[in-house]
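Notes to accompany the following structure.
The values are calculated or read from the model by the stated rules, or taken from the named source; none is laboratory data. All figures in this text were calculated on a predicted structure; none of them were measured in a lab. FYI the Cβ positions are ideal-geometry reconstructions off the backbone, even for glycines, and counts take in every protein chain you see.
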Amino acid sequence: MSERQVARATLVVGLLALTVLVVVLVPRDVVPGGPVTPAPVATVLSADEVERAETFSRWARTWSWSSLALSIVVACWFGLTARGRRLVERVPGPWWVQVPLAVAALVLLGRLVTLPCAVALQRLRLDSGLSRQAWTGFATDQLTTQGVAIVSTSVAVLVVVGSARRWPRAWPAVSGSLLAALVVLGSFAYPLLVEPALNDFEPLPDGPLRTQVLRLADEEGVHVDDVLVADASRRTTTLNAYVSGLGSTRRVVVYDNLLDSASRAETLSVVAHELAHARHRDVLTGTLLGAAGALAATGLLGLVLAAARRRGAPGPGEPGIVPLGLALVAVGSFLVLPLDNAVSRQLETRADVDAVRATGDPAPFVSLQRRLAVRSLADPTPPALSQLWFASHPGVLVRVAIADRVRAVPG
């Protein structure tokens, strides 16, 4: 088979795997009685709360969307012109040194261009009371995040370039399979390698809350390796919790400011939501979808690079391909966001339904959703395009309506 044929086959296999996984693993019709109508905003938030949320969100979207647009423009400016190739040519060393150095240079240049937007957004968060982080802490987080991005991106690009050098025709299938495996490995290793670099964690202390959390996990049939508390209050005032990891690295993490601000019943409703994710193996679902997506994306990349090579672009085994590859990933990641977030919203909706059922009382869930919306200044009625493209969770008005529906139509 030729390189193009292998790339086409890889793309088809990846898309078929992705389609099957979506059909089998992504829930549909998760709300009893069918889709809900969002609750009237006046029944959830006051006029002043809505005005504050809309003002904050309007500016937050301005800075976030500007940063996203700039990052794509910069990636394309280097990737679709000779500038990126000339930059890579100046990087010394063998190919396996040139690749990570070129990735680091391009990632840092992109961050430098978008840094004013990040600073403006952080200033907005500070002025709005959503963050209490010092600028030194902000800078440290920026450096840590960029370091993680450089390492993970370099590994992925080294796999592609190295495979293309070793298997000039079969590289799309080989590198796609390796990248899919790395997605699975990353989900397993993320709680051990990345999360500790961003937060400090301590076990939830022994006491009534830990006992209730473990009892709730047992009732839901969920094995939890640990319940941890993250020191999120040093960075943000918002309330949150999440589940991460696979197998022996799976754990439930709650923010320390959630424990400090929410009632025990509200905290348990959050934990029940996260336990629902664990019970349905949503992290595994996301991991498998990501692995299939990596396989399909590599096949598509092979087809695009083959076409670009006919126009004078470097081959996939040359370090000079790094800028073009990063540009294609930036554009592709943006285009698939609506699909990614549509899946995420379905998983979150199912977890909301299960959380209300598990606790047996929707009142703590509703009160916490309102508290979360007020604390985070979440826009209750965001623009439709914003919700479609960027929202990974249902909005607060939908979540309140879900709780009301579950109360009216018990499962």
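A few comments on the model shown:
- Check on Leu347, surrounded by 20 or more Cβ atoms within 10 Å (Cβ to Cβ), in contact (Cβ under 8 Å) with a residue 12 or more places away in the chain, out of contact with any strand residue (DSSP E or B) (no Cβ under 6 Å at 6 or more places or on another chain) and under 17 Å from Val160 (Cα atoms): no
- Condition met for Pro32 (closer than 20 Å to Arg279 by Cβ, over 25 Å from the mean Cα position of the chain (by Cα) and not basic (Lys, Arg)): yes
- Residue check for Ser248: hydroxyl-bearing (Ser, Thr, Tyr) and either under 26 Å from Val400 (Cβ atoms) or surrounded by 15 or more Cβ atoms within 10 Å (Cβ to Cβ) (or both): no
- Residues of the range 289-314 satisfying the condition of being surrounded by fewer than 17 Cβ atoms within 10 Å (Cβ to Cβ) and in a loop (DSSP other than H, G, I, E, B): Arg310, Arg311, Gly312
- Boolean, Arg61 is touching a residue at least 40 places away in the same chain (Cβ under 8 Å) and surrounded by fewer than 18 Cβ atoms within 10 Å (Cβ to Cβ): yes
- Complete set of residues in the range 60-85 that are closer than 20 Å to Trp389 by Cα and touching a helix residue (DSSP H, G or I) at 6+ places or on another chain (Cβ under 8 Å): Ala60, Arg61, Trp63, Ser64, Ser66, Ser67, Leu68, Leu70, Ser71, Ile72
- Annotation note: of Ser154, Ser131, the sole residue that is surrounded by 15 or more Cβ atoms within 10 Å (Cβ to Cβ), modelled with pLDDT under 95 and more than 22 Å from Leu284 (Cβ to Cβ) is Ser131.
- Scanning the range 157-206 for residues that are among the acidic types (Asp, Glu) and either modelled with pLDDT of 90 or more or touching a strand residue (DSSP E or B) at 6+ places or on another chain (Cβ under 9 Å) (or both) returns Glu195, Asp200, Glu202.
- Every residue from the range 40-53 that is assigned to a helix (DSSP H, G or I) and farther than 12 Å from Ser128 by Cβ: Val41, Ala42, Thr43, Ala47, Asp48, Glu49, Val50, Glu51
- If you go through the range 94-128 and keep only what is surrounded by 15 or more Cβ atoms within 10 Å (Cβ to Cβ) and not in a helix (DSSP H, G or I), you end up with just Ser128.
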